[in-house]
Amino acid sequence: MSTIAFLNIAMHGRVNPTLPIVAELVRRGHTVTYHTSARFAPDVEAAGAKVFLYAGGEQPLPDPPTPVTLIDGLARTAVVVLPELLGDLRAARPDLIVHDSACLWGAVAAKVLGIPAVSSFTTFAFNREALSPTRLSRPLLREAASRPGNVIGYLRARTQLRRRYGVRGLPLVDLGNLRQPLNLVYTSSMFQPGTFDDSYRFVGPSIGSRPMDPTFPFDRLRNPVLYVSLGTVFKADPAVLRTFATALAPLGGTVIVATGQTDPAALGPVPANVVVRSSVPQPDILTRAALFVTHGGMNSANEAMYAGVPMLVVPQGADQPLVASRVVQLGAGLSITPAEVSEGVVRDHGRRLLHDPAFHTAAAALQLAEREPGGFRRAADELERYLGRTS
């Protein structure tokens, strides 16, 4: 059996899809190490991996999370974590490194140590047809001109990386698109825009079993269940969440609002059939839901498609507009901008999604396409085959 090292960035949407793969590899007899920050350690340990914590504590996400601030943050983090990370990897002696497609320190470590590597795409895969947000482009250059501090920080970090480790073969700026000879993409080829070569394997959503949340009031749910979540990374405006709650309440048996980092009490009084909580067991909720209002994060969209739920997508940034456009193009939902959110607009769109059978037919077709590739088991198969070719 082999030793496989996972390296990731500190985001639920990046970590969560890898955990069922870790558990499956451990079940098959492999040793798995996972290099992450402290807040993800309990979930990683529960999946069966040995946890190594990054130096420097929690690595904060850039705010605002724009392409230029992301590139700067990734490069600076790589400078901080690589010295200790390389020592841990030399001690663990992995046969394979699996790193996130934006985990610069994972790609650098694999090159320095000469270890075969696989890239883990929890977003879309990117090429000339599906454009990476961090690619060299006119919008990126315009943003760079307005953020000289981030540009200077990136250039300094990149210079340090080049002098200490060499970074040949890595993109100049496209750090959200770190490719390897094998690239695992956690969605279906149907949902993915563009055409890709055989190094990209579209394994479908990586969704495993999770412990039930005994505190969630499942006994209160009445059909149709309508679910609202604008993500867990950044605080959502409580007024916006309250608008969704009041707009959807007349349409649903139960409306569930997950507030993430926003205090549920900040929403104030809501209709009696609305359940407001900071977090909920999302996959379990989606199996009951008739409608999902989402920010369009890839992880949330994948879980909704896996459950066959029509979506109202309210994209905030990053790859979310592209997710929203694909949902609309494939007929599985509708999209509005944050500026368009009002009780009337939300209620009208919710009514259409609930009662037009075309949305449910399209969502069912996507559900089949997302489940067919095999998910985390297929990903584990691909890793084992790749290990066989590189050993």
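Model label sites at Glu84 and Asn223, defined 7 Å from Cα along the beta-carbon direction, differ in position by 5.1 nm. Working ranking of peptides 139-147, 315-323 by packing, defined as the average number of other Cβ atoms within 10 Å per residue, highest first, is 315-323, 139-147.
Put simply, when 333-346, 275-288, 298-311, 12-25 are sorted by average Cβ atoms within 10 angstrom per residue, most first, you get 298-311, 12-25, 275-288, 333-346. Note on Ser146 and Asp237: with the Förster distance fixed at 30 Å, the Cβ-Cβ geometry gives a FRET efficiency of about 0.80.
Counting only DSSP H runs of at least 4 residues, each contributing -39500 (n - 2.57), and dividing by the residue count of the chain, the helix-based mean residue ellipticity at 222 nm comes to -13000 deg cm²/dmol. Maximal additional length on extending the Arg156-His355 stretch stands at 66.1 nm, based on 0.36 nm per residue less the C-alpha distance. Helix 104-113 and the longest principal axis of the Cα set of the chain meet at an angle near 30°. Measuring between their Cα centroids, the range 74-135 and the range 243-280 lie 38 Å from each other.
With a simple spin-label model that places each label point 7 Å from the Cα along the Cα-to-Cβ direction, the separation between Arg39 and Arg93 comes to 3.6 nm. Measuring nothing but protein heavy atoms, the accessible surface of the chain at 1.4 Å probe radius is 53 percent carbon and sulfur.
Rounded is the label for the range 218-372. Its Cα gyration tensor axes, ordered a ≥ b ≥ c, give a/c under 1.5.
Rounded to the nearest 20 debye, the dipole magnitude of the chain is 880 debye, with +1 charges on Lys and Arg beta carbons, -1 on Asp and Glu beta carbons, and the Cα centre as origin. Rounded to the nearest Hz, the phi-derived 3J(HN,Hα) couplings of the range 201-218 under the Karplus curve 6.51 cos²θ - 1.76 cosθ + 1.60 (θ = phi - 60°) are 10, 8, 8, x, x, 9, 10, x, 6, 10, x, 5, 8, x, 8, 7, x, 4, where x marks glycine and proline. The residues of the chain have, on average, 42 Å² of accessible surface per residue, using a 1.4 Å probe with all protein chains present. Farthest toward the dipole's positive end in the chain, which of Gly153, Pro310, Leu383, given Cβ charges of +1 (Lys, Arg) and -1 (Asp, Glu) about the Cα centre? Towards the positive end, the residue furthest out is Gly153.
The values are calculated or read from the model by the stated rules, or taken from the named source; none is laboratory data. This structure is a prediction, so every number in the text was calculated from the model and none was measured. No Cβ is skipped: glycine too gets one built from the backbone with ideal geometry, and neighbour counts run over all protein chains shown. The accessibility values were calculated without ligands, DNA or RNA, using every heavy atom of the protein model including side chains. Shrake-Rupley method; radii C 1.70, N 1.55, O 1.52, S 1.80 Å.
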